[in-house]
Structures are given as structure tokens and as C-alpha cells.
Amino acid sequence: MTIFRTLTLASALTLATTPVLAQEGGDTASGKRFSVVGGVTLMEPHSDPATGLDIDGGPAPTLSATWHVTDNWGVELWGAADKFNHRVRGPEGKIGTIEQQPIALSGQYHFGEADNTFRPFVGLGVYESNISNEDIAGGGDHIGLTTPRGAIGTVGVDLNITPTWFARADARYLRARSDARVGSTGETVASDLKLDPWTVGVGIGARF
């Protein structure tokens, strides 16, 4: 519901700024080669990363910067400005927490003309996530997770407010595996954990 409310507000802002766009005359989004977006993202890991385990999702602020090679093609660097916090649960309930901070590099294609009110886009790239502050019960031993690395897919839409400012909603799927290891010995106690989170985010951006 939050995403829908945000898009509704952004649509209202677009209608409200239509006269302003007309007055700006020659200003256009076309030809602007850099954009930045700040927002908030909800990350939800795979509901069943291993038999008997569940990892809850959570929100975090995110940032992205894109170099627009052309009006349609771009290269985006996206990542979390803070850590996502996840609660780990087993059959008996909560068994610990982990934090992660992903970063990704993707190629993107933006559909339509640069000045269109709505501009859908898709992206494909690679990511890795820094797993930290693991606090998982393991019979007295510290259990750590290896760094997941893999593919990321993105779909989203930009809502142009002015030639410079726009609102964004996006969804991403991050696919990778991680191993759980005992910190003192390095012994693997669980392999190929399916973290595979998806994210849903909203934000405000500017292009230059």
C-alpha cells in the first residue's frame, strides 16, 4: 500500500507541475547523462533458505547513480546506504540475527523518450552483499555466512516531475548462495543457503 500511495502522490505532483514544465520552454531531460536517486527499500530474503530456517525482511535507505550512455541505455551503481537487518528463525522460534549491505552494478534500458511522463526500465547485472554482525545460536560457537555474489534483475518506472526531478518505484531480484561456517574452525555447517532476496523501493531522483 505504501508504494501505491507514493505513486499516487507522485502522479499528483506531475499534474501540479505541468504548467511549470510548459514555462521552462527549452529545458529537456534528453541529453542529461547522469542521475542520482535516494530512497527507501524493503528487502525480503527467500522464505526458506534451508530446511527449517526462515529469514525475515526489513527496510533500509538506498542510493543509486546512473551514467546514461544514451537517452535509453545506462549503467547503474546501486546499493544500500545502511544495513538491512534480518531476524533468523528456526522451528523453535528466533535463533539470531544477521545484517547485510548489498551493492550492484547493472546495465539498464529505459523505454520511450526521455521527456515522457512515465518511463519504464529494466536492468541486469551483478551484485555482492556484505554479511556482518551474525548472531546465530550454534552451540556456543560463532556461525558466520560467506559473502553471496550473483546476478541481479531490475524492473522499475520513473515518473518525470520536471526535466530534472523524477519519482521512482522499482523491484529487484538478487540471486546468490551463501555457506554457513563455524567461525573458530571454518567448518561448513550448511551450504548453498538460498538467500535470494527481492526488494521493492521508492525514491526521488535528479538528473544532470
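Quick check on this structure: which one of Gly205, Gly156 is farther than 21 Å from Asp48 by Cβ, under 13 Å from the mean Cα position of the chain (by Cα) and surrounded by 15 or more Cβ atoms within 10 Å (Cβ to Cβ)?
Of Gly205, Gly156, the one residue that is farther than 21 Å from Asp48 by Cβ, under 13 Å from the mean Cα position of the chain (by Cα) and surrounded by 15 or more Cβ atoms within 10 Å (Cβ to Cβ) is Gly156.
Taking the condition of being over 18 Å from the mean Cα position of the chain (by Cα) and aliphatic (A, V, I, L, M), how many residues in the stretch 77-97 meet it? I'd like the intermediate steps shown before the answer.
At the first step, the residues of the stretch 77-97 found to be over 18 Å from the mean Cα position of the chain (by Cα) are 87-97.
Keeping just the survivors that are aliphatic (A, V, I, L, M) gives 88, 95.
Number satisfying all stated conditions: 2.
So which of Asn130, Asn72 is surrounded by 13 or more Cβ atoms within 10 Å (Cβ to Cβ) and either among the hydrophobic types (A, V, I, L, M, F, W, C) or within 16 Å of the chain's Cα centre (by Cα) (or both)?
Asn130
Check whether at least one residue in the stretch 94-103 is closer than 30 Å to Thr28 by Cβ and either touching a residue at least 24 places away in the same chain (Cβ under 8 Å) or in contact with a Gly (Cβ under 7 Å, 6 or more places away or on another chain) (or both), and report yes or no. Give the derivation first.
Restricting attention to the stretch 94-103, the residues satisfying the condition of being closer than 30 Å to Thr28 by Cβ are none.
Among the residues of the stretch 94-103, not one is closer than 30 Å to Thr28 by Cβ and either touching a residue at least 24 places away in the same chain (Cβ under 8 Å) or in contact with a Gly (Cβ under 7 Å, 6 or more places away or on another chain) (or both), which makes the answer no.
If you go through the stretch 159-169 one residue at a time, do you hit one that is at pLDDT 90 or above, within 20 Å of Asn85 (Cα to Cα), in contact with a Phe, Trp or Tyr (Cβ under 8 Å, 6 or more places away or on another chain) and hydroxyl-bearing (Ser, Thr, Tyr)?
No, the stretch 159-169 contains no residue that is at pLDDT 90 or above, within 20 Å of Asn85 (Cα to Cα), in contact with a Phe, Trp or Tyr (Cβ under 8 Å, 6 or more places away or on another chain) and hydroxyl-bearing (Ser, Thr, Tyr).
Please state which of the following conditions Asn116 fails to meet, knowing it meets all the rest: (1) assigned to a strand (DSSP E or B); (2) under 26 Å from Asp71 (Cβ atoms).
The number of the failed condition is (1).
Looking at Leu7, Leu15, Leu53, Leu21, which is the one that is among the aliphatic types (A, V, I, L, M), surrounded by 15 or more Cβ atoms within 10 Å (Cβ to Cβ), farther than 29 Å from Ile103 by Cβ and at pLDDT below 90?
Exactly one of Leu7, Leu15, Leu53, Leu21 is among the aliphatic types (A, V, I, L, M), surrounded by 15 or more Cβ atoms within 10 Å (Cβ to Cβ), farther than 29 Å from Ile103 by Cβ and at pLDDT below 90, namely Leu21.
What residue, among those in the stretch 75-116 that are at positive phi and modelled with pLDDT under 95, is surrounded by the most Cβ atoms within 10 Å (Cβ to Cβ)?
Of everything passing the filter in the stretch 75-116, Gly96 is surrounded by the most Cβ atoms within 10 Å (Cβ to Cβ).
The values are calculated or read from the model by the stated rules, or taken from the named source; none is laboratory data. Keep in mind the model is a prediction, meaning the values are calculated, not measured. So basically every Cβ, Gly included, is an ideal-geometry build from the backbone, and we count neighbours across all protein chains shown.
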